[in-house]
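For reference, the structure is listed below as structure tokens.
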Amino acid sequence: MAPKKVLRKVGVVGYGRLGQFLVSRLLAQGSELGLELVFVWNRDPGRMAGSVPPALQLQSLDALEERHPDLVVEVAHPKIIHESGAQILRHADLLVGSPSALAEQTTEQQLLEASSHWGHAVFVARGALWGAEDISRLDAAGGLQSLRVTMATHPDGFRLEGALAAASSTGPRTVLYEGPVRGLCPLAPRNSNTMAAAALAAPSLGFDCVIGVLVADHSLTDMHVVDVELRGPPGTTGQSFAVHTHRENPAQPGAVTGSATFSAFWLSLLGCCQLPSRPGIQLR
Ligand SMILES: NC(=O)c1ccc[n+]([C@@H]2O[C@H](COP(=O)([O-])OP(=O)(O)OC[C@H]3O[C@@H](n4cnc5c(N)ncnc54)[C@H](O)[C@@H]3O)[C@@H](O)[C@H]2O)c1
């Protein structure tokens, strides 16, 4: 007789585009994959009416332990990670969908401490970052000298804060920010997640040395474009190993998430449930 699949209980925090996609997949395919949706939380509960079964709607994040989740998936806003990430880790593994939150050192420290104390993993969704594993492997082998991630889209796709909110895109293509990812995350918390994932994939460079570039491009009305450029140290001939990937992801006008990123998140969720978890930050 085949061994019985261990059922993994999953909670979803955030019911926007990504949350709705993951919830519908969990409801449709969860049981055959050994996954049970145990709750959905959204800041505005009205948004769940009519599509999330009432018994699965969680009214308060403080009550999530009553649902005994094994994994909580955050697809809402970095604020949730700042405010509730450590608390969630008390009860379950956490898949962070908004890793720009980890640019704040206090948050990263709190998550690491809670993860080690409670024995739960902090998974980070690679999202729109192409080649995350290759970057990690090169970094671990000491072969990464520079990493630069450029994200370009139409200005309507940006949700900017602070000094960047006031910045206007003057020409057809304007560089809004170019510098360490750590400085960009608080100014563009919802548009710097790919860069944050890159900083976490390359801990030798991290948030202070991975360079993020945010570009407003009026021609990209229905597309998010992410370029990843990396270099190794010069070899004996003076030449360096170099890689440049260019990812064009169709996106609904004004959306912060491109279409291909939805399936990347679903695969991250499955990846969190298929392997045994251990404390610490791990890219999925
Ligand atoms: N890692 C990546 O590469 C990547 C890619 C795409 C999106 N994301 C992130 O995933 C998250 C969800 O993306 P989406 O496309 O579903 O966005 P969305 O705008 O469609 O939905 C966001 C949801 O979170 C809720 N929300 C917004 N601000 C909140 C707050 N301060 N507190 C609690 N809830 C809040 C909204 O009500 C909404 O239900 C965003 O943070 C986004 O930046 C990450």
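Here, each number is a calculation from the coordinates, and none is a lab measurement. Keep in mind the model is a prediction, meaning the values are calculated, not measured. A quick note on method: Cβ atoms are made from the backbone with ideal geometry, for glycine too, and the neighbour counts reach across all protein chains shown.
Near residue 223, the amide H atoms lying under 5 Å from its own belong to 154, 251; only residues 5 or more places off or on other chains count, and H is placed 1.01 Å from N. Set the Cα radius of gyration of the stretch 132-256 against 2.2 N^0.38 Å, with N its number of residues, and you get 1.10. Relative to the dominant Cα principal axis of the chain, helix 259-274 is inclined by about 60°. Can you list the residues, at least 5 places off or on another chain, whose amide H is less than 5 Å from the amide H of residue 57, using H built in the peptide plane? Here 40 satisfy the definition.
Please report the relative contact order for the chain, taking Cα pairs under 8 Å with a sequence separation of at least 6, and give it as a percent rounded to a whole number. Could you put the intermediate results ahead of the total?
Details: 596 pairs, mean separation 54.5, N = 284.
Over the chain, the number comes to 19 percent.
When a/c reaches 1.5 or more, the comparison of a/b and b/c decides; with that in mind, is the stretch 195-284 rounded, prolate or oblate per its Cα gyration tensor? Oblate. A simple rule links phi to the HN-Hα coupling: the Karplus curve 6.51 cos²θ - 1.76 cosθ + 1.60 with θ = phi - 60°, which for the stretch 75-89 gives 9, 10, 6, x, 4, 4, 5, 4, 7, 10, x, 5, 5, 5, 5 Hz, with x for Gly and Pro.
A simple rule links phi to the HN-Hα coupling: the Karplus curve 6.51 cos²θ - 1.76 cosθ + 1.60 with θ = phi - 60°, which for the stretch 209-214 gives 10, 6, 9, x, 10, 10 Hz, with x for Gly and Pro.
Given R₀ = 30 Å, FRET efficiency for residue 33-residue 63 by Cβ-Cβ distance, to 0.05? It comes to 0.70. Counting DSSP beta bridges in the chain, what percent are antiparallel, to the nearest 5? Antiparallel: roughly 45 percent of the beta bridges in the chain.
Is the C-alpha gyration tensor of the stretch 72-189 telling us rounded, prolate or oblate? Criteria: a/c under 1.5 is rounded; beyond that, a/b larger than b/c is prolate, otherwise oblate. Because a/c hits 1.5 or more and a/b fails to exceed b/c, the stretch 72-189 counts as oblate.
What percent does the relative contact order of the stretch 94-168 come to when contacts are Cα pairs within less than 8 Å and at least six residues apart?
The normalised contact order for the stretch 94-168 reaches 26 percent.
With springs only between Cα atoms under 10 Å, which of 46, 232, 131 fluctuates most in a Gaussian network model of the chain? Checking each option, the largest mean-square fluctuation is seen for 46. In terms of modelled amide H atoms, which long-range or inter-chain residues lie less than 5 Å from the amide H of residue 254? Residues meeting the criterion, in which the H sits 1.01 Å from N, are 157.
In plain terms, the residue of 117, 82, 224 with the fewest other Cβ atoms within 10 Å comes first and the most crowded comes last, giving 117, 82, 224.
Would you please report the Å³ per residue occupied by the convex hull of the alpha carbon atoms in the chain? Each step should come with its number before you reach the end.
Numbers: hull volume 42.2 nm³, N = 284.
So the per-residue hull volume is 149 Å³.
Counting neighbouring Cβ atoms within 10 Å and putting the fewest first, the residues 195, 151 line up as 151, 195.
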